[in-house]
Amino acid sequence: MAAAQGHLADGPDDGGGDEAPAAFRNAVEGLRGARLRPELEIAATRAPARLAPHAYALEAAVVQDDEDLADGRLILLHDPAGHEAWQGTFRLVTLVRAELEPEMAGDPLLPEVCWSWLTGAFEARGVSHAELSGTVTLAGSHYFGGLGDRPPATQIEIRASWTPREGRDGVPDTAAHLTAWCELLCQIGGLPPTGGVDAAVVTLPQRRGPRAR
């Protein structure tokens, strides 16, 4: 992924240009101005066209020693007319995933722990949100035939969406939401939390043999 470390790089989506509502343009600028962990490579990418009148997307990877430990995608949606299901005019949608050691999949509390990283990151940074929902999925792969020399692999995937609370100017604090999301991405990749998150929170061990870039 062609991205920059520690800050959001430019991509194919310019945030809607001058024709986009000012609230949406300001929300995108908030994403661009966020200060992020140096282990992150993050860049804007093409946003889906049919989810909302205005959308901005980014993709990110947690990189250590030139290896990808986790990756994800975050999409900012905006409908100036509001959306009944969102209970607001903005919505954030995400997918985060990482590979784990196969024995980790047997922990019955793993999905709850992973979900708690998202809610915990919100709480630690005072991120105001509503209508949070999502899933945590574990999937195992076993290889056969010509791929039989590969060890079994387990992937964890978090899908979530939430409504960021808007400020007095009608713009949510998207930088805070992005920072919290990036903390989730780092934790699922096996990195310890920063000072902004309770250091006692359990992190997943880095998987055996992360993917080469």
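Quick notes on this structure:
- Each Cα pair under 8 Å and six or more residues apart adds its separation to the average, and for region 8-165 the resulting relative contact order is 18 percent.
- Here the peptides 62-73, 144-155, 108-119 are ranked by packing, the mean other Cβ count within 10 Å, and the order with the highest first is 62-73, 108-119, 144-155.
- Efficiency of FRET between D149 and L51 - r from beta-carbon atoms, R0 41 angstrom, step 0.05: 0.50
- Sequence-distant contacts, meaning Cα pairs under 8 Å at least 6 residues apart, place the relative contact order of region 49-104 at 31 percent.
- Lys/Arg +1, Asp/Glu -1 at C-beta; region 60-129 dipole; positive extreme among G126, P108, V63: G126
- Carbon/sulfur fraction of accessible area - region 102-199, other protein chains in place, 1.4 Å, %: 52
- Additional length obtainable on full extension of the chain from R73 to T119, 0.36 nm per residue less Cα span: 14.8 nm
- The relative contact order of region 73-142 comes to 26 percent, based on Cα pairs under 8 Å that sit 6 or more residues apart.
- Sequence-distant residues sharing a close amide H with D68 (under 5 Å, placed H): R211, R213
- Paramagnetic reach from D169 (point 7 Å along Cα→Cβ, amide N under 15 Å) across region 26-66: 26-34
- Gyration tensor (alpha-carbon) shape descriptor, region 29-95, a/c threshold 1.5: prolate
- Close amide H partners of H129, meaning residues 5 or more places away or on another chain with modelled amide H under 5 Å apart, are R165.
- Accessible surface calculations at 1.4 Å, restricted to protein heavy atoms, place region 32-119 at 46 Å² per residue.
The values are calculated or read from the model by the stated rules, or taken from the named source; none is laboratory data. A quick note: this is a predicted structure, and the numbers were derived from the prediction, not measured. Positions of Cβ are backbone-derived with ideal geometry, glycine not excepted, and every protein chain shown enters the neighbour counts. Note: accessible area is taken over every heavy atom of the protein model, side chains too, but ligands, DNA and RNA are not part of it. Shrake-Rupley method; radii C 1.70, N 1.55, O 1.52, S 1.80 Å.
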